[in-house]
Amino acid sequence: MTPSRKPKRVLLKISGEAFRGKERYGIDVDALHHIAKEISQALAKHIQMSIVVGGGNIWRGTSDRARGIDRVTADYMGMLATVINALALQDALEKMGVPTRVQSAIEISKLAEAYIRRRAIRHLEKGRVVIFAGGTGNPYFSTDTTAALRAVEISADVLLKGTQVDGVYSDDPKTNPKAKRLLELTAMEAIRKRLRVMDTTAFSLCMENHLPIMVFNLYKDGNIRRAVAGDAVGTLIKSQ
């Protein structure tokens, strides 16, 4: 994919913190509705959209493990947090008339479908937004890795990574005012420079499967629509 080429099938990664809004934790209803509105406005007749949500607004495995909770248990708790966010987003989208399905890697039959790749693709072909929850279903894997894995599995044209900044920088722009925004780079360059946009496993999956990543500011109105349209709204990370 290049910025000028409009993708047909995309996967959008949204962090749990995006649902928190102005709250210290949990789900801010205004933030939730804003995200849902931006997604609904981005949907076009020929666009198939899937979404992976994080759970950091409810459970931060990294910090909470430091309090003595076992790593595996903490990771499973984080997966359950993503299910909560997925259900909230589904509710908000469907109230806007967007047909939606939630598929969870952890089976919770009363709340969501079990993740089945072929069924997910069929939903997308029928014009439904598919929200992937429950991570990969295994501990030790981040939701960024989940996003890369699901994007590869459903043959997405691009992985859209929504963040709090307008792209990838040479350094943390919050602490280094001289940090420069990069318009384009490769996944290997991102790994070598230790740019913490995604973890190494996620980058490797994308690189090995020739999946481009577009990193953009999720909080700027209209950016999801522009990213889905193939516009250059942030930083394009190419597979090679």
Matching entry among Ile27, Ile106, Ile58 (being touching a Gly at 6+ places or on another chain (Cβ under 7 Å), modelled with pLDDT of 95 or more and hydrophobic (A, V, I, L, M, F, W, C)): Ile106
Enumeration of residues in the stretch 185-199 that are under 20 Å from the mean Cα position of the chain (by Cα) and surrounded by 15 or more Cβ atoms within 10 Å (Cβ to Cβ): Leu185, Thr186, Ala187, Ala190, Ile191, Leu195, Val197, Met198, Asp199
Out of (1) of a type in the set (A, V, I, L, M); (2) modelled with pLDDT under 95; (3) surrounded by fewer than 18 Cβ atoms within 10 Å (Cβ to Cβ), the one Val152 does not meet is (2)
Restricting to the stretch 23-32, what's the tally of residues that are open to solvent by 30 Å² or more (accessible area, probe 1.4 Å) and within 16 Å of the chain's Cα centre (by Cα)? 0
Quick one: which residue in Ile35, Ile84 is open to solvent by 60 Å² or more (accessible area, probe 1.4 Å) and of a type in the set (A, V, I, L, M)? Ile84
Scan Arg9, Arg20, Arg71 and give me the residue that is touching a Leu at 6+ places or on another chain (Cβ under 7 Å), open to solvent by 10 Å² or more (accessible area, probe 1.4 Å) and charged (D, E, K, R). Arg9
Could you check how many residues of the stretch 168-224 are assigned to a helix (DSSP H, G or I), within 12 Å of Lys238 (Cα to Cα) and of a type in the set (Ser, Thr, Tyr)? 1
Considering each residue of the stretch 204-220, count those that are open to solvent by less than 10 Å² (accessible area, probe 1.4 Å) and without any contact (Cβ under 8 Å) to a residue 24 or more places away in the chain, and give that number. 0
Can you go through Lys6, Lys45, Lys22, Lys13 and tell me which one is at pLDDT 95 or above and either in contact with a Lys or Arg (Cβ under 7 Å, 6 or more places away or on another chain) or not hydrophobic (A, V, I, L, M, F, W, C) (or both)? Lys13
Quick check on the stretch 78-90. Is at least one of its residues polar (S, T, N, Q) and modelled with pLDDT under 95? no
Scan the stretch 202-240 residue by residue and report those that are in contact with a Phe, Trp or Tyr (Cβ under 7 Å, 6 or more places away or on another chain) and among the polar types (S, T, N, Q). Asn223
Sort through Asp144, Asp172 and tell me the only one that's in contact (Cβ under 8 Å) with a residue 40 or more places away in the chain, of a type in the set (Asp, Glu) and in contact with a Lys or Arg (Cβ under 9 Å, 6 or more places away or on another chain). Asp144
Do we have any residue at all in the stretch 103-126 that's in contact (Cβ under 8 Å) with a residue 60 or more places away in the chain and assigned to a loop (DSSP other than H, G, I, E, B)? no
Identify, from the list Gln48, Gln41, Gln90, Gln103, the residue that is of a type in the set (S, T, N, Q), under 29 Å from Met207 (Cα atoms) and open to solvent by 10 Å² or more (accessible area, probe 1.4 Å). Gln48
Which residue pairs have Cβ atoms under 9 Å apart, sit 6 or more places apart or on different chains, and have a first residue in the stretch 182-198 that is under 19 Å from Glu208 (Cβ atoms) and of a type in the set (Val, Ile, Thr) and a second that is open to solvent by 70 Å² or more (accessible area, probe 1.4 Å) and part of a loop (DSSP other than H, G, I, E, B)? Thr186/Gln240
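The values are calculated or read from the model by the stated rules, or taken from the named source; none is laboratory data. Model, not experiment: these values are computed from the prediction. Because the Cβ atoms are built from the backbone with ideal geometry, glycine has one as well, and the counts that use them run over all protein chains shown. These accessible areas exclude ligands, DNA and RNA; they are computed on the full protein's heavy atoms, side chains included. Shrake-Rupley method; radii C 1.70, N 1.55, O 1.52, S 1.80 Å.
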